[in-house]
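S.K.: After the structure tokens below, expect a handful of questions from me.
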Amino acid sequence: MEGPEPSEFAKERHAAFAEMMLHELPRDYASQEINRVTLAYFAVSSLSLLRSLHRVDKDQIATWVLSFQAKPKETHNVDDGKFFGFCGSRSCQFSEDSVQSVSNLASTYSALAILKVIGYDFQNFDSSIILESMRSLQMPDGSFMPIDSGAETDLRFVYCAAAISSMLNDWSGMDREKAKDYIINCQSYDGGFGLTAGSESHGGATYCAVAALFLMGFIQTDCNNSLSLPTSTIDIPSLVEWCIQRQGADGGFQGRANKDSDTCYAFWVGGVLKMLGLYHLVNKSALRTFLFTCQSPYGGFTKFPYEVLPDLYHSYYGFAALSLLDEKELGNLSVELGLAALN
């Protein structure tokens, strides 16, 4: 199979790949069945960035996504500690007593993100139960559990809670001040953020921290891309230095120090600089060259250069990274939500 030229963005192949993955996943994805809604989010969001949503039935997608919403039975209410968001798959949708309560923050983010990019009107369903029950997931230190019992807490779920609140335009489901304090405590000595306080700085955790602060209104950039935030919030200079240091000699971004460049971090770390109004500090030409070495001849993107088979996760974030680079074949990105910007 003849592949695209190294500097040519193969839009049609990418769109065909995303559409195929939306309808039928290869067997290698069997172990990720519990994340089916999130996998669909990558596929639908890819088509949205590729301006190719006309290839799918939006109403059918909306019906499918809404079928994963967890709802309390008459014997339960939103004050009993259970979270009523969206489940990640059919296999985890029902608990032993047939109450739809095995939902989680990550799948809820993914479900709402899909609905948002296909233009679904959120007023057509009752979102109040999501926000009311989400309050029980926030811990005294401001962090969030992803599910209603026995789970870890870290920055990923603080971000999910903030993104859910932003998409629903209702912040009643979280205490933003407590969440901000938790995020601040996760900034490491080197300027980046770890998933929890005291852990190693990581590109994904740093994105979650900055994007959550951005969504909650604690970081803002004006029309001139001038940064505005209280000096007591986070250490911006060291954060920016940490992000810049993640771009390697090959032009790509690494997620942690002494790691190889990886397609997805071109978005996770590049997106942080974009939200801070400092994306001009990126060596864009070198980054573009790196990303095109990860473009698969079959459509989609690989994790590392010159691998052949693409995957959904790195494909979507490859598209997102190229959107930040103003690739003409792609739509604009709402960086803080990780979605194609709606016109």
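The values are calculated or read from the model by the stated rules, or taken from the named source; none is laboratory data. Quantities reported herein were computed from a predicted structural model and do not represent experimental measurements. Heads up, the Cβs are rebuilt from the backbone with ideal geometry, glycines too, and the neighbour counts pull from every protein chain shown. The area values use the complete protein model at the heavy-atom level, side chains included, leaving out ligands, DNA and RNA. Shrake-Rupley method; radii C 1.70, N 1.55, O 1.52, S 1.80 Å.
S.K.: I'd like to check something: does region 175-182 contain any residue that is closer than 29 Å to THR302 by Cβ, in a loop (DSSP other than H, G, I, E, B), at pLDDT 95 or above and of a type in the set (D, E, K, R)?
M.R.: First pass over region 175-182, keeping only residues closer than 29 Å to THR302 by Cβ: none.
Within region 175-182, none of the residues are closer than 29 Å to THR302 by Cβ, in a loop (DSSP other than H, G, I, E, B), at pLDDT 95 or above and of a type in the set (D, E, K, R).
S.K.: Do you know which residues across region 21-50 are in a loop (DSSP other than H, G, I, E, B) and buried (at least 19 other Cβ atoms within 10 Å of the Cβ)? Walk me through it before giving the result.
M.R.: Step one: filter region 21-50 for residues in a loop (DSSP other than H, G, I, E, B), giving 24-26, 50.
Within region 21-50, LEU50 is the sole residue that qualifies.
S.K.: Among the numbered criteria (1) open to solvent by 70 Å² or more (accessible area, probe 1.4 Å); (2) aromatic (Phe, Trp, Tyr); (3) in a loop (DSSP other than H, G, I, E, B), which one does PHE304 miss?
M.R.: Unmet for PHE304, out of (1) open to solvent by 70 Å² or more (accessible area, probe 1.4 Å); (2) aromatic (Phe, Trp, Tyr); (3) in a loop (DSSP other than H, G, I, E, B): (1).
S.K.: Report whether or not GLU336 is crowded, with 20+ Cβ neighbours inside 10 Å and farther than 22 Å from LYS259 by Cβ. Even if it seems obvious, please write down each step before you answer.
M.R.: Values: crowded, with 20+ Cβ neighbours inside 10 Å: yes; farther than 22 Å from LYS259 by Cβ: yes.
Yes: the conditions hold for GLU336.
S.K.: Could you grab the pairs with beta carbons closer than 7 Å, sequence gap of 6+ or different chains, first residue in region 269-291 and farther than 17 Å from PRO237 by Cβ and at pLDDT 95 or above, second one open to solvent by 30 Å² or more (accessible area, probe 1.4 Å) and among the charged types (D, E, K, R)?
M.R.: Pairs that qualify, where the first residue is farther than 17 Å from PRO237 by Cβ and at pLDDT 95 or above and the partner is open to solvent by 30 Å² or more (accessible area, probe 1.4 Å) and among the charged types (D, E, K, R), are PHE290/ASP250.
S.K.: Of all residues in region 163-183, how many are surrounded by 18 or more Cβ atoms within 10 Å (Cβ to Cβ) and farther than 21 Å from ASP126 by Cβ?
M.R.: 5
S.K.: State which residue is modelled with the lowest pLDDT when the search covers only region 70-92 and only residues that are over 17 Å from MET145 (Cβ atoms) and open to solvent by less than 60 Å² (accessible area, probe 1.4 Å).
M.R.: Looking at the filtered set, the residue picked out is HIS76.
S.K.: When you look at LEU309, is it farther than 16 Å from ARG51 by Cβ, open to solvent by less than 20 Å² (accessible area, probe 1.4 Å) and part of a loop (DSSP other than H, G, I, E, B), yes or no?
M.R.: Working: farther than 16 Å from ARG51 by Cβ: yes; open to solvent by less than 20 Å² (accessible area, probe 1.4 Å): no; part of a loop (DSSP other than H, G, I, E, B): yes.
Taking the combined requirement at face value, the residue does not satisfy it.
S.K.: Residue pairs, Cβ under 6 Å, 6 or more apart or interchain, first in region 121-150 and within 16 Å of ALA163 (Cα to Cα) and among the charged types (D, E, K, R), second assigned to a loop (DSSP other than H, G, I, E, B) and modelled with pLDDT of 95 or more. List them.
M.R.: Within 6 Å, the pairs are ARG135/GLY173.
S.K.: Residues ALA209, ALA197: which one is out of contact with any Ser or Thr (no Cβ under 6 Å at 6 or more places or on another chain), at pLDDT 95 or above, not β-branched (Val, Ile, Thr) and not in a helix (DSSP H, G or I)?
M.R.: Among ALA209, ALA197, only ALA197 is out of contact with any Ser or Thr (no Cβ under 6 Å at 6 or more places or on another chain), at pLDDT 95 or above, not β-branched (Val, Ile, Thr) and not in a helix (DSSP H, G or I).
S.K.: A follow-up question, please. Select, from TYR159, TYR120, the only residue that is at pLDDT 95 or above, more than 20 Å from SER172 (Cα to Cα) and either basic (Lys, Arg) or within 20 Å of the chain's Cα centre (by Cα) (or both). Before the answer, list the steps.
M.R.: Working: TYR159 fails: more than 20 Å from SER172 (Cα to Cα).
After ruling out the rest, the residue left standing is TYR120.
S.K.: Conditions: (1) buried (at least 20 other Cβ atoms within 10 Å of the Cβ); (2) in contact with a Cys (Cβ under 7 Å, 6 or more places away or on another chain); (3) not basic (Lys, Arg). ALA320 meets all but one. Number of the miss?
M.R.: With respect to (1) buried (at least 20 other Cβ atoms within 10 Å of the Cβ); (2) in contact with a Cys (Cβ under 7 Å, 6 or more places away or on another chain); (3) not basic (Lys, Arg), ALA320 is out only on (2).
S.K.: When region 200-213 is examined, which residues are found to be more than 20 Å from GLN138 (Cβ to Cβ) and either among the polar types (S, T, N, Q) or open to solvent by 10 Å² or more (accessible area, probe 1.4 Å) (or both)? Reasoning before the result, please.
M.R.: Here is the first cut: in region 200-213, the residues more than 20 Å from GLN138 (Cβ to Cβ) are 200-204, 206-207.
GLU200, SER201, HIS202, GLY204, THR206, listed by residue number.
S.K.: Here's a follow-up. Which count do you get for residues in region 101-116 that are part of a helix (DSSP H, G or I), within 15 Å of LEU66 (Cβ to Cβ), in contact with a strand residue (DSSP E or B) (Cβ under 7 Å, 6 or more places away or on another chain) and open to solvent by less than 50 Å² (accessible area, probe 1.4 Å)?
M.R.: 4
S.K.: If you go through region 117-162, how many residues are among the β-branched types (Val, Ile, Thr) and open to solvent by 50 Å² or more (accessible area, probe 1.4 Å)? If you could, list the steps in order and put the result at the bottom.
M.R.: First, pick out the residues of region 117-162 that are among the β-branched types (Val, Ile, Thr): 117-118, 129-130, 147, 153, 158.
Remaining after also requiring open to solvent by 50 Å² or more (accessible area, probe 1.4 Å): 147.
Adding up the residues that qualify gives 1.
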